[in-house]
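Heads up: the structure comes next, in structure tokens.
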Amino acid sequence: MIRELHNKLINREITATQLARDYFDAIEKKDSEIGAYLTLTKKLAMEQAEFVDEKIAKGQEIGLLEGIPCAIKDNICIDGVRTTAASEILDNYIAPYDATVIRKLKEQGVVFLGKTNMDQFAMGSSTESSAYKKTKNPVDIERVPGGSSGGSAAAVAGEMAVWSLGTDTGGSIRQPASFCGTVGLKPTYGRVSRSGAIAMASSLDQIGPIANTVEDAAIVLSAIAGEDPLDATSAKSSDKKYEDYLTGDVAGKVIGVPKEYVESLEGEIKNVFEKSLEKFKALGATIETISLPHSEYALAIYYILMTSEVSSNLAKFDGIKFGMRFEDDVDSKTQENGLPKKLLETYLDTRKIGFGDEVKRRIMLGTYALSAGYYDAYYLKAQKVRALIRQDFEKAFEKVDFIFSPTTPEVAFKFGEKTQDPLKMYLSDIYTITANLAGVPAISFPIGAVETDGKNLSVGGQLMGKWFDEEGILNMAHTFEIN
Ligand code: GLN
């Protein structure tokens, strides 16, 4: 799709400004129902598009992403643009700088349509924890788009952006991509700079693309990958063009299917998954059953490590340095003694009112896990199990090239189905969190659909690859997609 639009631009069949206008028209028409966007950046987008049109008019060459309209998750900073992470505590926060990925995309002439809705601070699997609104799944508006990058996935699935950026700490790119019938890529930890993305759990977070096709995801990855002095965990890279590795040939590749993941699969999802294995076989790949024996602990240790990092990362939102300050609420404006509110009360009130329930739940869990007396029993132990999970992957990758499973154990669910029971919500990520814990790259792509209530609800397949083998998983998914 990106390549097609690029060709239209250079053949002057359409201008970048017209393309941007078309997308804003689509947003105007559809987004009051879908609710993918929190903020539109129309002025910025039109300036960016005009610049591209001038280049084309002058006969200058343009890059593949130049003039192509995209959407950005609202926890990634764009200089001068409101950035809320869908939380009231950042309601009035205007980012004073560009995230590294944004700087790179600006250099490549990308057009930013706006910022997308998400679960508050990226905590959730349905986008229902946004402080602002619900985002509906364009495939079936009775259902959630997944989360936390639900707005980014819905914008692409609803044809209100050509592609988008999400963030993924435990599945937040892949699960919504799967629910909305799109492609989502979580790169290897360190492949893409996290500078300027509002941190959730820094040892797990990665930024990545959501797109209509695997090739589009590859093109975006090429644009945002690379070492960055502003993120010490970013890895050296060789300016690869990932789209050049999509050969369409997977013959001889060995795909491992973890028995722990598929044992409990049932019904239609199981059928779709089995058919996808047959398709990979027909394309020349071999399938092997493997074991990732420590998978059963993944969810538990994720909820210890992630919440610990959350409690530390979110300590900075205290009403002083960022965003909103609740010092003026009527009841506690002044103390009984007539003096202004004390600093501690400003902190406490700001955090009490500014953070949503799910965020507070996680800060409390994480603070508990890190506190003296519990640190060894929870945090330290979880770190040790994380090392074992990583070893499971190292061992598996001695035998197989890729690890494959459905992205989620079920298709998109209905609004409210899991909001009363956090644990049920957490289970949505059972297949996706291990990639974050081990740091490996993983892609979700459509492998079929299940008919429910007269709608074709998409089923995603997840391919995990060896560390830094994005080209491998991209080529596998691409080959599946085009056949
Ligand atoms: N749904 C998971 C969670 O709630 C993952 C979130 C994410 O990847 N940002 O933590």
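Values quoted throughout were computed directly from the atomic coordinates according to the rules given, and no laboratory measurement underlies them. On a predicted model such as this, the values are computed, not experimentally measured, just so you know. Quick reminder, even Gly has a Cβ in these numbers, built from the backbone with ideal geometry, and neighbours come from all protein chains shown.
The table for this structure:
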{"item": "Enclosed volume per residue, in Å³, of the convex hull spanned by Cα atoms of segment 1-147", "result": "111 Å³"}
{"item": "Over 31 Å (Cα to Cα) - which of Lys115/Lys241; Lys104/Lys279; Lys73/Lys381; Lys275/Lys455; Lys236/Lys259 fall in this group", "result": "Lys104/Lys279; Lys73/Lys381; Lys236/Lys259"}
{"item": "23 Å tail of the calculated P(r), segment 234-323, as % of Cα pairs", "result": "59 percent"}
{"item": "Distribution of pairwise C-alpha distances over the chain, 10 Å bins, in %", "result": "4, 21, 31, 26, 13, 4, 1, 0"}
{"item": "Positive-end residue of Thr84, Ala49, His6, charge dipole of segment 1-133 with Cβ unit charges", "result": "His6"}
{"item": "Residues Tyr297, Tyr374 arranged by fewest to most Cβ contacts within 10 Å", "result": "Tyr374, Tyr297"}
{"item": "Whole-angstrom Cα spans of segment 30-114 along principal axes, big to small", "result": "46, 30, 19"}
{"item": "Mean separation of Cα contacts under 8 Å, 6 or more apart, over the residue count of the chain: relative contact order %", "result": "17 percent"}
{"item": "222 nm mean residue ellipticity, helices alone, for the chain (DSSP H n ≥ 4; -39,500 (n - 2.57); rounded to 500)", "result": "-11500 deg cm²/dmol"}
{"item": "Positive-end residue, the chain charge dipole about Cα centroid, Cβ charges, pick of Pro258, Gly454, Met306", "result": "Met306"}
{"item": "Shape metrics for segment 79-118, restricted to C-alpha atoms - Rg then Dmax, Å", "result": "11.1, 32"}
